[in-house]
1. Taking 0.36 nm per residue of separation and subtracting the Cα-Cα distance, what length does fully extending A:Ala312 through A:Glu172 add?
2. In nm, to one decimal, how far is the A:Val361 label point from the B:Glu503 one, both placed 7 Å along Cα→Cβ?
3. Suppose a student asked you for the relative contact order of the range A:275-376, using Cα pairs under 8 Å spaced at least 6 residues apart; what percent would you report?
4. Rounded to the nearest 0.05, what FRET efficiency do A:Ile269 and A:Leu295 give with R0 = 25 Å and r taken as the Cβ-Cβ distance? Could you check?
5. Beyond a 30 Å Cα-Cα separation, which of these cross-linked pairs lie in this structure: A:Lys234/A:Lys339; B:Lys31/B:Lys528; B:Lys196/B:Lys426?
6. On C-alpha positions alone, give me the angle between the axis of helix B:112-131 and the longest principal axis of chain B, in degrees, nearest 10.
7. Does the range A:31-111 come out rounded, prolate or oblate, given a ≥ b ≥ c as the square roots of the eigenvalues of its C-alpha gyration tensor, rounded meaning a/c under 1.5 and, failing that, prolate meaning a/b above b/c?
8. What's the FRET efficiency of B:Asn186 with A:Asp41 using the Cβ-Cβ distance as r and R₀ = 56 Å, to the nearest 0.05?
Amino acid sequence: MKHQLLRIFGGIAALLSAGIATADELNLRVGVTDISRQVYDLHMTIFLICVAIGVVVLGVLFWSVFAHRKSKGVEPATFHESTKLELAWTIVPTLILIVMAIPATQVLVAMYDTGGEDMSIEVRGYQWKWQYKYLDDDYNNTLSFFSVMSTPRDEIYNQSAKAENYLLEVDEYLRIPTNRKVRFLITAEDVIHAWWVPDFGIKRDAVPGMLNELWTIVEEPGIYRGQCTELCGKDHGFMPIVLEVMPEAEFDAWYASRVTSESVRQESIADALTHEELMAQGEAVYGTYCASCHLANGEGVAPVFPAIAGSAVAQGPRDDHLSLVINGVAGTAMQAFGKQLDSAQLASVVHYQRNAFGNDVGDMSQPQDVINLSNGQ
Amino acid sequence: MSEVIHADHHDDHAHGPAKGLKRWLFTTNHKDIGTLYLWFSFAMFLIGGVLALVIRAELFQPGLQFVQPEFFNQMTTNHGLIMVFGAIMPAFVGLANWLVPMQVGAPDMALPRMNNLSFWILPFAFGMMISTLFMEGGGPNFGWTFYAPLSTTYAPPSVTYFIFAVHLMGASSIMGSINIIATILNMRAPGMTLMKMPMFVWTWLITAYLLIAVMPVLAGAVTMMLFDIHFNTSFFNAAGGGDPVMFQHILWFFGHPEVYIMILPAFGIVSHIIPAFARKRLFGYTSMVYAVASIAFLSFIVWAHHMFTVGMPLAGQLFFMYSTMLIAVPTGVKVFNWISTMWRGSMTFETPMLFAIAFVVLFTMGGFSGLMLAITPVDYQYHDTYFVVAHFHYVLVPGALFSIIAAVYFWFPKWTGKMYDETLGKIHFWLSFVGVNVTFFPQHFSGLAGMPRRIPDYPLQFADFNMISSVGAFIFGLSQVFFLYVIIKSIRSGAPAADRSWEGAKGLEWTLPSPAPYHSFTHPPVVKDEEVLG
Ligand SMILES: [Cu+2]
């Protein structure tokens with residue numbers, strides 16, 4: 001009887017651990033970096049030690065439940081203490097903990113091996129998007145962009161079929177090269193967010209006013225996805241992180257062309273636009289940057305996020321509207337978009353707000369107006 | 001004159017409960033107040049449960065079906081706050097009110113009027129907090145841990161009501177704790193030395209000290225929030241030179257002991273029930289007491305394990321990892337002692353025993369996931385995912401909550417003089433047991449697979465686990481409504497209970513008649529070793 005039970009417990013334990021170790025959707029990801037593999041191994045070590053202890057301890061408990069029953073006529077024993085036993089089960093667990101602490105410390109120390117990076121990227125969390133800036137003196141740190149979730153509303157509200165990467169797709173990926181040590185400097189603009197790429201085994205909080213450091217070296221090209229993991233308000237569930245790891249040469253080519261196209265765009269930024277161009281660009285900017293709070297229909301979410309439809313600001317003097325959007329409203333969720341958008345985007349989104357949702361001001365806002373306003377300040 | 005004295009005297013003897021509503025409003029009787037606490041916490045438990053079911057209904061499938069993200073965040077936040085401060089904590093205070101005086105042989109709590117006040121604050125505190133859900137802009141939506149600046153600069157206007165509600169809860173807890181400490185230290189029957197006190201009394205004594213130590217810290221945190229919001233200070237506002245991370249340090253300096261506040265009395269309860277149904281004395285009483293004391297001490301030096309990802313220096317990470325791992329030692333001692341108590345006992349498996357055994361098994365599992373979370377480098381992967389949600393629900397639901405349910409079944413005959421229906425009790429147990437595991441076990445997997453917590457919608461690969469979890473949650477929720485039915489039915493028509501309602505039950509409370517008279521131990525009882533030591 002005793003033997004049989006032991007065999008059964010052993011069998012279950014083996015099955016469980018084997019099953020859990022192989023079925024990857026049931027377990028932590030092994031990931032694609034040296035660190036993530038070390039983390040995975042550590043996870044499995046600790047997990048299996050826990051399973052082993054659990055099988056023994058709960059095995060004893062269940063044995064007792066089966067064997068020491070009144071219905072079997074067992075008379076209760078009278079022992080109620082044993083210093084030896086108490087010492088044993090204080091000392092043995094302590095030793096096991098030391099065995100666990102050694103590899104844990106090693107992996108942690110390896111993770112803290114910062115410095116010697118080949119490139120640095122600033123990661124900045126906003127409600128509810130990420131901004132990535134390539135820190136590169138050669139280009140005056142000019143390459144910076146936002147990465148916003150691109151899963152359409154229809155999919156979220158079950159009006160159309162959900163795509164494979166539902167909630168994990170963004171308008172522009174963060175791109176990094178293989179085999180180079182990339183340092184991420186993580187911070188936030190408004191509330192606390194957390195930047196996590198499970199396949200790299202790295203996660204760090206993005207805290208306003210603080211710069212946190214992470215690094216990674218990825219060997220395998222591919223697309224890797226994660227999510228914000230610190231509650232950051234309404235759309236916390238909708239700010240994914242997507243990275244494309246490119247072979248080194250490919251990355252260098254992409255980077256050069258991305259920097260060039262950015263500077264070309266900067267040169268023509270002040271060009272005047274037609275009403276139609278402004279409305280088209282404005283609608284796109286609004287959908288990406290404003291609709292999460294003011295809603296796609298401009299109705300807002302009273303009383304926290306005011307409506308744009310019928311708003312006194314959106315129907316009042318143009319320059320007041322422009323400067324509110326450029327400077328934000330301190331102490332509220334309304335950010336200073338002058339730091340996020342360029343003058344063409346700012347002009348067009350303001351133009352759009354003044355001429356959509358039933359607002360019908362009819363005036364024009366041009367990139368040059370934004371530049372003048374900014375310079376005048 | 002003599003007539004007056006006579007009348008007084010007479011009054012004294014016939015002094016039973018007042019009639020009607022006044023009895024409950026003005027009562028200073030520990031049993032009445034215990035009852036009030038228990039019913040209050042049960043009501044909160046049902047409300048918190050409904051919020052949980054809103055969450056689970058929304059998460060049943062990917063996509064947004066029932067609620068909007070801003071409302072979803074209010075549900076998770078208020079579910080947490082109500083369950084922690086409204087259900088679990090008041091339930092333990094209710095049990096302490098009922099049991100501590102009877103177990104130490106005292107006539108009542110040391111400070112009966114304050115006892116009344118500490119209860120009656122609570123309905124107002126929770127009334128205020130729940131009313132925020134109906135205010136413009138909604139209620140608290142920043143998680144039960146209310147990290148700044150999401151809970152300050154970016155909070156809905158109702159946050160001020162939340163802050164005052166927390167202040168009221170804190171005042172209530174501190175008063176309750178002072179009362180419990182004063183009762184235990186001053187009112188024990190002659191002969192009941194500290195090392196002869198029942199485990200429930202021991203665990204509550206230590207819990208009460210923890211509460212007095214940390215509730216003021218919580219009050220400090222919310223007061224700083226209040227100032228940041230209304231008086232333009234910048235405690236937690238980086239733009240003004242403040243530090244959002246400091247908020248987390250303060251919150252968790254309160255929060256980690258708080259976690260043990262919710263589990264130590266559970267340890268006490270289980271240490272009564274297992275010996276009673278194993279018909280064998282508690283194994284290792286002395287080491288049990290020391291284990292509780294060391295857990296309480298350690299609870300003050302592990303707080304930052306909740307914040308491994310905020311970006312602490314390596315030395316800090318290592319310190320908090322090691323200290324957290326150490327907690328496994330005294331916790332292990334407790335589990336080993338319970339199992340040794342069962343070992344070679346003569347066990348029967350009435351409902352309280354079933355809940356107590358489930359407590360030991362499932363709490364141990366929660367302990368293992370806790371140990372895994374303590375390992376900093378892997379915690380980076382688990383942190384703020386459903387793995388954490390699974391972990392703390394395993395220690396709070398089949399942990400704290402099961403112990404409370406076990407206590408209700410165990411002492412029910414003493415409180416009411418009636419026996420509950422054993423078959424219904426067992427059905428309740430099995431439904432709860434299945435429900436809890438179906439709900440929370442799959443969450444380990446969704447967490448490992450990478451699902452963040454506190455999201456109203458999720459990528460498709462997490463769909464299966466969430467569906468199972470939601471089914472379990474509804475089973476569990478309905479089985480607690482069934483619990484209400486079992487209790488009401490048993491109060492109405494349970495069979496009369498014996499004074500010592502369980503064959504193996506030991507302790508002064510079992511020497512009293514069932515139901516326990518309105519005033520018990522007006523004369524101190526004789527404390528016999530074989531009674532108090534079991
Ligand atoms: Cu975020």
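What follows is calculated from the coordinates using simple rules that are stated; it is not laboratory data. Computed from a prediction, not measured in an experiment: that's the story for all the values here. Positions of Cβ are backbone-derived with ideal geometry, glycine not excepted, and every protein chain shown enters the neighbour counts.
1. Answer, rounded to one decimal: 47.0 nm.
2. Rounded to a tenth, the inter-label distance reads 8.5 nm.
3. 30 percent
4. Step by step, r from the Cβ atoms, then E = 0.30.
5. Cα-Cα > 30 Å for B:Lys196/B:Lys426; rest within.
6. The angle comes out near 30 degrees.
7. Numbers: a/c = 8.50, a/b = 2.29, b/c = 3.72.
Oblate, because a/c is 1.5 or more while a/b does not exceed b/c.
8. 0.50
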